[in-house]
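The values are calculated or read from the model by the stated rules, or taken from the named source; none is laboratory data. Quick caveat, the model's predicted, so the values are computed rather than measured. In this analysis, Cβ positions are derived from the backbone assuming ideal geometry, glycine residues included, and neighbour counts consider all displayed protein chains. Side chains included, ligands, DNA and RNA excluded: accessible areas come from the protein's heavy atoms. Shrake-Rupley method; radii C 1.70, N 1.55, O 1.52, S 1.80 Å.
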Amino acid sequence: MLKVFLVEDEIIVREGIKNNINWAAEGFAFAGEASDGELAYPLIQKARPDILITDIKMPFMDGLELSRLVRQEMPDIKIIILSGYDEFEYAKEAISIGITDYLVKPIAGAKLLEAVRKVGKLIQEEQQQKLFLRTFEKERLESIRLGRQKLFRSLASGKKTVSELLQEGREVGLELVANRYNIVLLQIFFGDEVEGYSEEENAAEQAIGAMTERLEGVLMVELGLDGWAFIIKETDEKRNLEQILHDFLERLQNVIRSHTGIEYFAGVGRAVGRLSELSRCFEEANRAFAYRYLKKRNQIVYSEEAPDHPSMEDSLNLSALNVEKMDRKNVEQFLKIGLKGEARHFIDEYFASLGEKNIQSLLLRQYVTMDMYFAAVAMLEQIGYGATELVERCGDFQRMTTVFSSVDHTKAYLQNVFDTAIDLRDAVSRKKYSSLLKDARTYIEQNYDNEEISLNTVAASVNLSPNHFSTIFNQETGQTFIEFLTSVRMEKAKELLRGSSMKMSEIAYAVGYKDAHYFSYLFKKTQECTPREYRSQAQERSAC
């Protein structure tokens, strides 16, 4: 119900307006009254009415001064002025303030009610429009986020033409034209959790997004569980690419540090001069990003810091061997959360971290291979696979003479082991996600009638971050969260249209829409007929 507040110094007039109109029957709630503007103002602040009816000439604070204060602090409130003075100056000043209607006293209750109804209709139309805009914005943002993920995969693959990339970028609001480019890959962590729901992590994600939106030359792409990709662009000669990158990374670190318990790791590629070369830039950034499994967090690693290829010298320098780098925890961490496409990078960096000369030693390679192999076996056993699974799929390295014939052969074998282990891990994860998505669907089925249900609330119910949940939900169902929620609500609405005599407004409210007009709009958009047409068709079918 829309709320009405009355300010009138003449008690007889005030009581007449208050009592002679059946406000509830007309769809309004009488929210309060006062005899002058000074008394009314704090009551209006508390009641937050939708419509203010006020006399002009009152003691202490007149209606025009009260209207100015209300318009400044609560601009959505519609104001109807009552005046016993039919003078142009009052009307002119009222218009300048933004008064919705100006009525001359004495006024009949029917005429006042007509004016209030007119204003009420205007408020409902504005509320409906705001609801449309909010919902459309949610749908637009989710579609853009998924579209940007698709675009970035195209950029990283290098398989599309420049014109195709530019067009795809414009469709998701990213202008890709620039003189030079670089890529930053980022992941943030809340404690040791990667997937779990965290309010602090969500706040940090939103702050990173807001900060990036304000920066020229930086395009952000959310990659779900994989974190973020930032495309750094040099578009003119005023600020070169290195300055833009430095400024962005400095701001990024400041934002993350302002959130308690949040850690990060970033990898930076090498600058390129062509859009078609961004796939190479991504490869460099991803190689640096793979260090997050080997290095401590809260670091930014540049691709220049990652060794390219090991030396072919074969001397074993034990004094240079960093035993800490051989900690199996690094391997276990990668096998736990690493991506299949990162296995080659991880193995390259792991070998490089042991020393370019040392890894040429046959003895050391055998030890490292055995250690990494058994780490993979242990991980698979933890998730329910037998110890022979890798042997059956990858072969037994102890019987394969080619495994240790060169560093490249050793790396190739280990990459196969890791890719296989990650495939098996992800198969288990998909089953887990299937269970989580089932729980999410159940949550939606039980809460679809709550207007406040959102991506965040559903993600929290299954203990996933909103970005991760949205990505998985779209991948597994082929629908965005908004599309799925709308489909559930429409199916429930059809059940009520077929099997009950409820009014359209009652059905709208029962399926989570306070605004019946918006419900009708969505129903027609998704079902290609109005709710009334659907009900009539259903009744005709049942009568046959």
Yes or no: Lys295 touching a residue at least 12 places away in the same chain (Cβ under 8 Å), in a loop (DSSP other than H, G, I, E, B) and surrounded by 14 or more Cβ atoms within 10 Å (Cβ to Cβ)?
yes
Of the residues in segment 487-515, those that are open to solvent by 70 Å² or more (accessible area, probe 1.4 Å) and assigned to a loop (DSSP other than H, G, I, E, B) number 3
When you look at Lys111, is it of a type outside the set (A, V, I, L, M) and within 30 Å of Gln475 (Cβ to Cβ), yes or no?
no
Could we say that Glu234 is at pLDDT below 95 and open to solvent by 60 Å² or more (accessible area, probe 1.4 Å) here?
no
Pairs under 6 Å by beta carbon, first residue of a type in the set (Ser, Thr, Tyr) in segment 51-68, partner surrounded by fewer than 21 Cβ atoms within 10 Å (Cβ to Cβ), six or more apart or different chains?
Ser67/Ile97
I'd like the residue in segment 398-442 that is under 30 Å from Val488 (Cβ atoms) and touching a helix residue (DSSP H, G or I) at 6+ places or on another chain (Cβ under 6 Å) and, out of all such residues, is modelled with the highest pLDDT.
Ala440
So which residues in segment 29-56 are within 19 Å of Gly120 (Cβ to Cβ) and outside any helix (DSSP H, G or I), if there are any at all?
Ala29, Phe30, Ala31, Gly32, Glu33, Arg48, Pro49, Asp50, Ile51, Leu52, Ile53, Thr54
Would you be able to say whether some residue in segment 135-147 is surrounded by 15 or more Cβ atoms within 10 Å (Cβ to Cβ), out of contact with any Ser or Thr (no Cβ under 9 Å at 6 or more places or on another chain), modelled with pLDDT of 90 or more and outside any loop (DSSP other than H, G, I, E, B)?
no
Within segment 1-17, work out how many residues are among the basic types (Lys, Arg) and at pLDDT below 90.
1
Right, Arg280: modelled with pLDDT of 75 or more and open to solvent by 30 Å² or more (accessible area, probe 1.4 Å) or not?
yes
Top-ranked residue in segment 156-182 [being out of contact with any strand residue (DSSP E or B) (no Cβ under 7 Å at 6 or more places or on another chain) and open to solvent by less than 10 Å² (accessible area, probe 1.4 Å); ranked as farthest from His246 (Cα to Cα)]
Leu165
Could you check segment 1-14 and list, in sequence order, the residues that are free of Cβ contacts under 8 Å to residues at least 40 places away in the same chain and not in a helix (DSSP H, G or I)?
Met1
Pick from segment 40-60 the residues that are surrounded by fewer than 18 Cβ atoms within 10 Å (Cβ to Cβ) and among the aliphatic types (A, V, I, L, M): which of them is farthest from the chain's Cα centre (by Cα)?
Leu43
Which condition number in (1) hydrophobic (A, V, I, L, M, F, W, C); (2) within 22 Å of Val172 (Cβ to Cβ); (3) in a helix (DSSP H, G or I) is the one that Ile232 fails?
(3)
Given (1) modelled with pLDDT of 80 or more; (2) small (Gly, Ala, Ser); (3) buried (at least 16 other Cβ atoms within 10 Å of the Cβ), number of the condition Ala94 does not satisfy
(1)
Of all residues being of a type in the set (Gly, Ala, Ser) and assigned to a helix (DSSP H, G or I) in segment 235-283, which is nearest to the chain's Cα centre (by Cα)? Just the residue, please.
Ser279
Just a yes or no: is a residue in segment 7-18 acidic (Asp, Glu) and under 30 Å from Asp515 (Cα atoms)?
no
Could you check, for segment 194-217, whether at least one of its residues is in contact with a Lys or Arg (Cβ under 7 Å, 6 or more places away or on another chain) and within 23 Å of Ile337 (Cβ to Cβ)?
no
Select from segment 15-28 the residues that are open to solvent by less than 30 Å² (accessible area, probe 1.4 Å) and not in a loop (DSSP other than H, G, I, E, B) and list them in ascending order.
Gly16, Ile17, Phe28
Kindly list, by first and then second residue, each pair from a residue in segment 359-371 that is of a type in the set (Asp, Glu) and modelled with pLDDT of 80 or more to a residue that is part of a helix (DSSP H, G or I) and surrounded by 12 or more Cβ atoms within 10 Å (Cβ to Cβ), limited to pairs with Cβ atoms under 7 Å and residues at least 6 apart or on different chains.
Asp371/Arg328
